[in-house]
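These notes concern the structure reproduced below.
Rule-based calculations on the coordinates, nothing more; no lab input. Source: prediction; values computed, not measured. No Cβ is skipped: glycine too gets one built from the backbone with ideal geometry, and neighbour counts run over all protein chains shown.
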Amino acid sequence: MAAIVGIDAEILYVSTTTLAGVTAGEIIDVEVASGGTGYSVSDVLTVAGGSGGTLTVDSVSTGVITAVSVTTGGSGYSETKAATVTGGAGTGATFDLLTSESINLPTWNSGTETWTLSVNNSAYSWTQFTERNEVSINISVDVAEHKVFVTSLAEAWVEKARLYMDWSGSLAGYYDDASDAIFTTMKAGSDIWVLIYDSKRNTSKYWLGKCLLTSVDHSTPNEDFSTLETDFEGTGKLYRTQLPAFA
């Protein structure tokens, strides 16, 4: 029986098509704690407490910062209140930082028969798609044909070359009435990261990829159970027992 665990990209904070946007200690959000004095729009501020984190001043009111945006997330930062900055035309501004943590894959505890869904940050965590007890993954490739001119049909062989890869899959199982995560995700049009283990007994083998949910089939027969089937299509690379490279 396969185990399916999924995560919403918006919750995870994925800024690119791979997990490269998630780096331990990266600044992912910021709020103004104190606006300081003497600042100007477009001032670039370097955040203390880590390495490489910079902010850009978006708006001021008589020199007091009212809004900023993260220019570079940097690394080595911790969630903190009133982080200080250097740079720009003013002084005294401080900011509350929300930072990321490194990604930890869920693990299966065979003793308690439960998943440990590691929390990567106070703002996001893995979510298990419960009672999905069938899963399939399909990988296909486009093929180009090259037909050269020949004088004899006996030598008319078609040459072929592999082009782009594509992947898709499906989930099927009993309907869990405690969660509408699949329906709401498809309705919102969100792309999600899906992590599929071959077996709960061996979590060293898995598929990992970003996908879109393309169909939901909810069946309620006369018996006392309902089923839910979901199809999905990959929106990028499918990883086999490998995390995308990130710092």
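Dimensions of the range 27-99 from C-alpha coordinates, computed as largest minus smallest value along each principal axis and given longest first, are 32, 18, 16 Å. Restricting the range 167-247 to trypsin sites (Lys or Arg not before Pro) that sit in a DSSP loop and have at most 10 other Cβ atoms within 10 Å of their own Cβ leaves R201.
Rounded to the nearest Hz, the phi-derived 3J(HN,Hα) couplings of the range 39-50 under the Karplus curve 6.51 cos²θ - 1.76 cosθ + 1.60 (θ = phi - 60°) are 8, 10, 4, 6, 4, 9, 10, 9, 8, 7, x, x, where x marks glycine and proline. Note that the range 25-36 has calculated 3J(HN,Hα) couplings of x, 7, 6, 10, 7, 8, 10, 6, 8, 9, x, x Hz, one per residue in order, obtained from phi through the Karplus relation 6.51 cos²θ - 1.76 cosθ + 1.60 (θ = phi - 60°); glycine and proline are x.
Expressed in Å, the radius of gyration and Dmax of the Cα atoms of the range 181-221 are 13.2, 37.
Applying the criteria of a DSSP loop state and at most 10 other Cβ atoms within 10 Å to the GluC sites (Glu not before Pro) of the range 138-247 yields E223.
List the lysines whose Cα sits under 27 Å from the Cα of K160, skipping any in the same chain fewer than 8 residues away. Answer for K160, where 27 Å is the Cα cut-off: K147, K237, listed by chain and number.
Scalar couplings 3J(HN,Hα) for the range 201-213, obtained by applying the Karplus form with A = 6.51, B = -1.76, C = 1.60 to θ = phi - 60°, are 7, 9, 7, 7, 10, 7, 10, 9, x, 9, 8, 10, 6 Hz; x denotes Gly and Pro.
When each of the peptides 66-76, 189-199 is scored by how many other beta carbons lie within 10 Å of its residues on average, the order from highest to lowest is 189-199, 66-76.
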